[in-house]
Every structure is written in structure tokens, then in C-alpha cells.
Amino acid sequence: MNIDLGIPLAVRSALAVRGVRTETSVRRGPGAGPSDDGHLVVDGVNAALPIDPGSPFVVRDGRILHGETDLGVAVTPVRRPRFYDLATADGVPYEQIALLHGADVLASTVVQTCIRYGEAERCRFCAIEESLRAGSTVAAKTPAQLAEVAAAAVALDSVRQMVLTTGTTAGPDRGAKHLARCVAAVTAAVPGLPVQVQIEPPERDRHSDLDVIDELKAAGATAIGIHAESLDDAVRRRWMPGKGSVPMAEYDAAWARAVAVFGRNRVSTYVLVGLGEDPDELVAGCASLIERGVYPFVVPLRVLPGTLAAQDGAAAPDPAVVADVTARVAALLRAAGMSGAEQGAGCAACGACSALPAAGA
Ligand code: SF4
């Protein structure tokens, strides 16, 4: 089946891996998840791309060029949002509480520390505490702060959805209860704003269980991401010694509960390309997720400054492999009738960090 969506998937995959040379007013430094990028609208769609002076792609006169070849792709930088000029009554700049992602997504890491950030346990691709060290954010955002920033971002900058993620906290809920309080405050301040929450599976013992997923839904969350990053236990142990020690059965249980509570295609997980997984096995794992109603948000590994992966000399994946995996997962998603937009909120609905939108998913 041919999908004619504008930007060719091979080009979008190469951009995701190699980045572009351009100026952008909306950028984020190394932090949680894919980061250290600039935010653009490419062919009408959000794109969060590495800004790399060594990239073979350059933006000139609103077009993307490869060398001197115009690729026929229109690009607009996201403009600096007005809410970045505001601060709370106690002097915290809004920009340190939440950031604009793409043209219309507000995103915040509500707890910017992670119990797994010691070198023995840290996910090797993660830079969650680097933005805190750089002084560009605050360690913990309160529900009231997030509600205040969300109201301003919607009123001043036409934000259409919000993503709330968190570093893993020490309690058995892994940070989900604070997220629930944040969602409740945001949705009270901005009724109707779709909000996605992102959590690790809650620890299941006598103190805590999966009911916290119901609490997140009851608080007003539209969608939920429970991010495994890889479905291969050997890869998980190598790249995520702390998080990878959580048995996949815990993810399976959390995804199943989340689909029961939030509905099919309101649940997602990141799946990183470039951690050394066999591409066929990666696609088979995604097929299994899709069968269960979970959207696999396929994203190429970014080797961020300050990460253990950068210390290791890890390399970004081959754009051809990213394109191949993305095309195959997109075909499975389309066959299942699952689109990122139908998540309502979250990374799959935004799409900027993935090539999936260019593949029709
Ligand atoms: S896909 Fe997620 S992390 Fe990437 S820009 Fe969009 S909301 Fe932000």
C-alpha cells in the first residue's frame, strides 16, 4: 500500500537521526526522554529534530536542502511562545515549569529526579537530571504551578494538549499519585485540555497496586504512556539495569489494566530503535502490543550529551533501519485502525520525535 503523506519516510527518518542545521527559537536541552533538539513544523507536522552543525540537511528559505538539493519539504520554526515570558508570583519562570513541544504541546517532567539515576542503575540513554543541573528547570513542579502554566499556554499560545512525565520516585506508586494530583489541577484550571501521563508500572505489593492507573483516569487523564523502551530482556538489562530489572510481566499487567481503564489506543509505550535489538523481533513485539491495544511509539535512539551512552561512544541508528522498522510498525497500526492522533494526548498524538506520522500512523 502506498501512503502519500508528503515527506518521504526515508527523508523523515534521516532527519530524525541526523538532525538539521538551522536556527530555532524553541529548543530543549538534554533532559527526560528524547531531547536536546529544536522544534519545527515540517510539512505541516510537528518535528523535534537534533540541531547539528554537522548535519547534511540544512534549512534555507523555509525548505529543507540536502547539500544543494531541495527536498521539496516546507519547514517552519516553532515560534517562541508568549508564556515563556511569564513567571509565577514567587518568581519561578514558566519556562522552568513546562516547555512547548512542537507547535501545540505543553510538556513537563513533574519530578526531575529519578531513583535510578545512580550510575549502576541509570538508563544509559537518559539525561533526566542534566536539565536540573543546568538550572533550566526546577526539581519538582506543584499541581498549582502546572495548572497556572497550562492556563497561560492555552490562552496565549493555543496549546492543544499536555504531556506530564516523571522521574521514578521512591514510593511504590513510582510517582503516579503526584501525577494524578497534577492532572486534577490542570484539568480543573483548563477544562477539556487533553492530558497524557507517563509512568513506570506501579510496584505491586501489599502497599500499592494497579488501582493508581484508575486514579489517573479519574483525575482527568486522557491517555497514558507506560514506557518499556525495549521488549527484549537482554537489551533491557544492558541499557536499563535499574528499570530493566522490573519484569516484563509487570509491564504486561500495567498495559492490560491501562487498556481496560483508558480504552484501546489510549495507551502507549516508547520503543527505541538503535539499542541493538533484532529488527524483526522488535516489529513482532510491536505487533503483540498493537493486538493488545497499546500503541508502540517507535523512536530512534538519540545519544544525548551527559548520558552514559555518550560516554560509551554509542552511535545513533542507521536511518534505513529506522525507516524500515517504522514502515512495518505503521502498517500494523493502520491495519489495526490505530492512529497516533486518536490517543488524544501524549507523544503518539504529537508525533514529533518519531517518523511514524510520515508513515501514516
Ligand atoms: S513526541 Fe513527546 S517528547 Fe517528543 S516533542 Fe512530542 S510530546 Fe515532546
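The values are calculated or read from the model by the stated rules, or taken from the named source; none is laboratory data. Computed from a predicted structure; not experimentally measured. Every residue, glycine as well, gets a Cβ built from its backbone with ideal geometry; the counts of neighbours run over all protein chains shown.
Figures for the structure shown
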{"read-out": "Per-region count, the range 169-217, residues touching a residue at least 12 places away in the same chain (Cβ under 8 Å) and either in contact with a Cys (Cβ under 7 Å, 6 or more places away or on another chain) or not charged (D, E, K, R) (or both)", "value": "33"}
{"read-out": "Index of the failed condition, Cys182 passing every other in (1) more than 12 Å from Leu146 (Cβ to Cβ); (2) modelled with pLDDT of 95 or more", "value": "(1)"}
{"read-out": "Residue check for Val235: of a type in the set (A, V, I, L, M, F, W, C), outside any helix (DSSP H, G or I) and within 30 Å of Ala315 (Cα to Cα)", "value": "no"}
{"read-out": "Total residues in the range 19-33, condition at pLDDT 90 or above, in a loop (DSSP other than H, G, I, E, B) and either more than 13 Å from the ligand (Cβ to nearest atom) or over 24 Å from Thr137 (Cα atoms) (or both)", "value": "2"}
{"read-out": "Check on Ser158, in contact with a Pro (Cβ under 8 Å, 6 or more places away or on another chain) and modelled with pLDDT under 95", "value": "no"}
{"read-out": "Enumerated helices (runs of 4 or more DSSP H) restricted to the range 263-361, each holding at least 3 residues that are touching a residue at least 60 places away in the same chain (Cβ under 8 Å)", "value": "308-312, 319-335, 347-350"}
{"read-out": "Within the range 97-118, considering residues that are small (Gly, Ala, Ser) and over 12 Å from Thr165 (Cα atoms), the one nearest to the ligand (Cβ to nearest atom)", "value": "Gly102"}
{"read-out": "Answer from Val299, Val321 - the residue that is within 18 Å of the chain's Cα centre (by Cα) and either away from the ligand (no atom under 13 Å from the Cβ) or of a type outside the set (Gly, Ala, Ser) (or both)", "value": "Val299"}
